[in-house]
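The values are calculated or read from the model by the stated rules, or taken from the named source; none is laboratory data. Small disclaimer: the values here were computed from a predicted structure and weren't measured. Ideal geometry is used to build each Cβ from the backbone, glycine not excepted, and the neighbour counts take in all protein chains shown.
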Amino acid sequence: MQNYKATQRDTLFVTQEVFDLENHYQQLGFEDATDDLIRAIYAEAAKFAENVLAPINQIGDDEGCTFIDGEVKTPSGFKEAYRQYVDGGWPSMAHPVEFGGQGLPYSLATSMAEWFSGANHSWAMYPGLSQGCMETLKAHGTKEQQDIYLSRLIEGSWTGTMCLTEPHCGSDLGMLKCKAQPSDDGSYRLSGTKIFISAGEHDMSDNIIHIVLARLPDAPQGTKGISLFLVPKFNVDENGEIIERNTVKCGSIEHKMGIKGSATCVMNFDEAKAYLIGEPNRGLNCMFTFMNIARIGTGMEGLSATEASFQGALAYAKDRLQFRSLTGRKNPDGAADPIIVHPDVRRMLLTQKSLAEGNRALATYCMKLVDTTLYSSDENSKKQAEAKLALLTPIVKAFLTETAQEATSYGMQVYGGHGYIKEWGMEQLARDTRICTMYEGTTGIQAIDLLARKIMGSNGELLKIFATEIKSFCANIRGKSQFNAWANAIDSHVDEWIQMTNDIGQAAQNNPDELGAAAVDYLMYSGYVSVGYFWLQMAVVAQQKLDEGTSDEAFYQAKLMTAKFYFDRMLTRTRSHVSAIQSGADNLMQMDEALFAVGSE
């Protein structure tokens, strides 16, 4: 099993040197979030990821969760690790002091979530779901709900879930049937079944707070008739003390391809005591608070797997001896050369590295935007951040998870046959991360959200705001001759991005299927260009550090060389996406569905 290491150096580069989060925190009023504090927190988080979570990762995969009569037992060490997580104060970092939080910025807490997931994806899902639950209650909960439930979620003694999917409807939430009947005491009796509920039942916390979508008796059909409810596993009194078991129970857990240490549950609600969150029939609007946090979190899971797979592949490539270099022996005293000398192995490693570091920058940029939306007193800055975040959230979710499929596959490939063997841990990464393109909305759904809802729905305004930022940066660095070609490449891609958007919109006026046919290629194109923009920023900073003189020359040289690989070999992938988009919808939609089975009967 490869040894996971938290990316403290690279995370500090992105957060402090590229995006200057320390100054960002000071401007938002977080005076205590100094560079020294950030480094100290990172160091402790790295220890927890490497020494507590990583050692029980394979145990979780081997044992999985145990289900007996509605109760779930997590794998050996999971419960104890969660207790250490709570004792260390990790759940409370980015939450208000008045509810027992530490009052630190969202981005500071979230940047380390990559390490927890990279060390142990299954375990990290338990506290990860709680964060969205907390944000929903902070944004939409009543004072009583916040006083009773939010404080205990923040301290970590209770955990949270979100319950959307039902057996007959996946992402089409307008079809859901779960019902909530009013009770005389102001609460509701909620009945129905939810499936695929991560962390729906487990033994790690004293109570589990379910955030559930359901319909009121007089609700209109479709998504406009959905309300949001809080349903505790255990009912509590007005002081938050547990008094009795609620009528919500886990019916079974799924047997999955990966993340086997994470309990994926069927949850049955039988007139369970429930409390309305927000306004009636506005539940989906409230749930978007949870879903947007979850989508960024899911993208981070893809990033985590990409990094972990790269680390394992790199270590193996340095040690594994196979064949001789095409340019002459590099290891004359050995029977063969290490496989890292071979061009194709380097192609895979550099693909992983360029994606991990570029995607980390994109994710960090989005976390910085979240900070602005949450804490800034400048209304114009908040509106700009909200617009950019609306555009980039589906890209973060889909692009980071889709590229993780390639990266984890390469992790196995570098190992050759050994990558397919369980003991090395590479095939577990591939299995664990496969779900990430599916939950919180599949890649196709994220792509439609990006193209139809966000870009076409804003008449291109959201894209224009981000495009203006990119083009301005490119214009400002053209005096740095070594980056002219890269700046021109990004600038021309942005022009193409805008033109392509207009072309798709015009085509869709005659045939709405053109939107769906173009969507995924459009999203992937958007991802490669966005990450290219951040690689350009990282390259500029790296060169500045080298010009100033630095004791860490190798780090910055590696940044420049990885940026070159990205611009030469990764950004060029946009060409195939453009060709696919321009081919239109006919090659997808003209075939009669009966013809799909011809030849396979």
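In contact (Cβ under 8 Å) with a residue 40 or more places away in the chain, surrounded by fewer than 22 Cβ atoms within 10 Å (Cβ to Cβ) and not assigned by TED's automatic domain parsing to the domain that holds SER354: which single residue out of GLN537, GLN509 fits that description? Lay out the reasoning, then the answer.
Details: GLN509 fails: in contact (Cβ under 8 Å) with a residue 40 or more places away in the chain.
Selected residue: GLN537, the only one of GLN537, GLN509 that is in contact (Cβ under 8 Å) with a residue 40 or more places away in the chain, surrounded by fewer than 22 Cβ atoms within 10 Å (Cβ to Cβ) and not assigned by TED's automatic domain parsing to the domain that holds SER354.
Going by what's in this entry, would ILE148 be described as of a type outside the set (Phe, Trp, Tyr), under 30 Å from PHE13 (Cβ atoms) and in contact (Cβ under 8 Å) with a residue 40 or more places away in the chain? Criteria not met by ILE148.
All of (1) at pLDDT 95 or above; (2) within 30 Å of LEU314 (Cα to Cα); (3) not aliphatic (A, V, I, L, M) hold for LYS422 with one exception: (1).
With a cut-off of at least 2 residues that are of a type in the set (Gly, Ala, Ser), name the helices (runs of 4 or more DSSP H) lying wholly within the range 500-601.
Per the criteria, 513-548, 553-565, 574-582.
Taken as a whole, the condition of being surrounded by 21 or more Cβ atoms within 10 Å (Cβ to Cβ), out of contact with any strand residue (DSSP E or B) (no Cβ under 8 Å at 6 or more places or on another chain) and at pLDDT below 95 does not apply to GLY479.
Yes/no matrix, rows are residues, columns are (1) out of contact with any strand residue (DSSP E or B) (no Cβ under 6 Å at 6 or more places or on another chain); (2) of a type in the set (A, V, I, L, M, F, W, C); (3) within 26 Å of TRP535 (Cα to Cα):
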{"site": "ASN3", "(1), (2), (3)": "yes, no, no"}
{"site": "THR7", "(1), (2), (3)": "yes, no, yes"}
{"site": "ASP10", "(1), (2), (3)": "yes, no, yes"}
{"site": "LEU21", "(1), (2), (3)": "yes, yes, yes"}
{"site": "GLN27", "(1), (2), (3)": "yes, no, yes"}
{"site": "ASP35", "(1), (2), (3)": "yes, no, yes"}
{"site": "ALA40", "(1), (2), (3)": "yes, yes, no"}
{"site": "GLU44", "(1), (2), (3)": "yes, no, no"}
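If you go through the range 106-143 and keep only what is without any contact (Cβ under 8 Å) to a residue 60 or more places away in the chain and acidic (Asp, Glu), you end up with nothing.
With respect to ALA94, is the statement that it is out of contact with any strand residue (DSSP E or B) (no Cβ under 7 Å at 6 or more places or on another chain) and not in a helix (DSSP H, G or I) true? Spelling it out, ALA94 is indeed out of contact with any strand residue (DSSP E or B) (no Cβ under 7 Å at 6 or more places or on another chain) and not in a helix (DSSP H, G or I).
In summary, GLU427 fulfils each of the numbered conditions (1) under 19 Å from the mean Cα position of the chain (by Cα); (2) without any contact (Cβ under 8 Å) to a residue 40 or more places away in the chain with the single exception of condition (1).
To keep it simple, each residue is scored yes or no on (1) farther than 20 Å from LEU350 by Cβ; (2) of a type in the set (Ser, Thr, Tyr); (3) free of Cβ contacts under 8 Å to residues at least 60 places away in the same chain.
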| residue | (1), (2), (3) |
| --- | --- |
| GLN544 | yes, no, yes |
| GLY549 | yes, no, yes |
| PHE555 | no, no, no |
| TYR566 | no, yes, no |
| THR574 | no, yes, no |
| VAL578 | yes, no, no |
| SER583 | yes, yes, yes |
| ASN587 | yes, no, yes |
| GLN590 | yes, no, yes |
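Assess whether ALA517 counts as being buried (at least 17 other Cβ atoms within 10 Å of the Cβ) and at pLDDT 95 or above.
On the way: buried (at least 17 other Cβ atoms within 10 Å of the Cβ): yes; at pLDDT 95 or above: yes.
Yes.
For the range 156-201, a residue qualifies if it is in contact with a Pro (Cβ under 7 Å, 6 or more places away or on another chain) and not polar (S, T, N, Q), and the qualifying residues are GLY156, TYR188, ILE195. For the range 29-42, check the following and say yes or no: at least one residue is buried (at least 22 other Cβ atoms within 10 Å of the Cβ), under 20 Å from the mean Cα position of the chain (by Cα) and not assigned by TED's automatic domain parsing to the domain that holds ASN292. For the range 29-42, residues buried (at least 22 other Cβ atoms within 10 Å of the Cβ), under 20 Å from the mean Cα position of the chain (by Cα) and not assigned by TED's automatic domain parsing to the domain that holds ASN292: absent. In the range 300-352, of all residues being under 30 Å from TYR365 (Cβ atoms) and β-branched (Val, Ile, Thr), the one that is surrounded by the most Cβ atoms within 10 Å (Cβ to Cβ) corresponds to THR306. As for the range 202-218, it holds no residue that is of a type in the set (S, T, N, Q) and exposed (fewer than 14 other Cβ atoms within 10 Å of the Cβ). Of the helices (runs of 4 or more DSSP H) contained entirely in the range 1-79, those carrying at least 3 residues that are over 30 Å from SER198 (Cα atoms) and charged (D, E, K, R) fall at 35-47. Among the candidates GLN102, GLN84, GLN131, the residue that is within 20 Å of ASP35 (Cα to Cα) and among the polar types (S, T, N, Q) is uniquely GLN102. Criterion first (closer than 24 Å to ALA361 by Cβ and of a type outside the set (S, T, N, Q)) does ALA81 satisfy it? The answer is no for ALA81.
Among the residues of the range 246-272, which ones are free of Cβ contacts under 8 Å to residues at least 60 places away in the same chain and closer than 15 Å to LEU190 by Cβ? The answer is ASN246, THR247, VAL248.
Output the residue which, of all residues in the range 545-601 that are of a type in the set (Ser, Thr, Tyr) and closer than 24 Å to MET524 by Cβ, is surrounded by the most Cβ atoms within 10 Å (Cβ to Cβ).
Of all residues in the range 545-601, those of a type in the set (Ser, Thr, Tyr) come to 550-551, 556, 562, 566, 572, 574, 576, 579, 583, 600.
Narrowing further to those that are closer than 24 Å to MET524 by Cβ: 562, 566, 572, 574, 576, 579, 583.
Details: THR562: 21, TYR566: 27, THR572: 12, THR574: 22, SER576: 12, SER579: 10, SER583: 13.
This residue is TYR566.
With the structure loaded, tell me whether GLY283 is crowded, with 24+ Cβ neighbours inside 10 Å and at pLDDT below 95 or whether it fails that test. Reasoning before the result, please.
Details: crowded, with 24+ Cβ neighbours inside 10 Å: yes; at pLDDT below 95: yes.
Criteria met by GLY283.
How about the range 459-472: which of its residues are touching a helix residue (DSSP H, G or I) at 6+ places or on another chain (Cβ under 7 Å) and in a helix (DSSP H, G or I)?
Taking the range 459-472 and keeping what is touching a helix residue (DSSP H, G or I) at 6+ places or on another chain (Cβ under 7 Å), we get 460, 462-463, 465-467, 470-471.
LEU462, LEU463, ILE465, PHE466, ALA467, ILE470, LYS471 - these are the residues of the range 459-472 that are touching a helix residue (DSSP H, G or I) at 6+ places or on another chain (Cβ under 7 Å) and in a helix (DSSP H, G or I).
Here PHE234, PHE288 are screened, and the one residue that is within 21 Å of PRO127 (Cα to Cα), within 23 Å of the chain's Cα centre (by Cα) and without any contact (Cβ under 8 Å) to a residue 40 or more places away in the chain is PHE288.
The residues of the range 247-261 that are part of a strand (DSSP E or B) and surrounded by fewer than 19 Cβ atoms within 10 Å (Cβ to Cβ), listed by number, are GLY251, SER252. Within the range 63-101, restricting attention to residues that are over 30 Å from ASP147 (Cα atoms) and without any contact (Cβ under 8 Å) to a residue 40 or more places away in the chain, the residue that is surrounded by the most Cβ atoms within 10 Å (Cβ to Cβ) is GLY77.
Pairs are defined by a Cβ separation below 9 Å, a sequence spacing of at least 6 or placement on different chains, a first member in the range 155-170 that is within 16 Å of MET287 (Cα to Cα) and without any contact (Cβ under 8 Å) to a residue 24 or more places away in the chain, and a second member that is of a type outside the set (A, V, I, L, M, F, W, C) and surrounded by fewer than 24 Cβ atoms within 10 Å (Cβ to Cβ); the pairs so defined are GLY170/THR442.
Somewhere in the range 312-332, is a residue in contact with a Lys or Arg (Cβ under 9 Å, 6 or more places away or on another chain), closer than 25 Å to LEU536 by Cα and of a type outside the set (D, E, K, R)? Among the residues of the range 312-332, at least one is in contact with a Lys or Arg (Cβ under 9 Å, 6 or more places away or on another chain), closer than 25 Å to LEU536 by Cα and of a type outside the set (D, E, K, R), which makes the answer yes.
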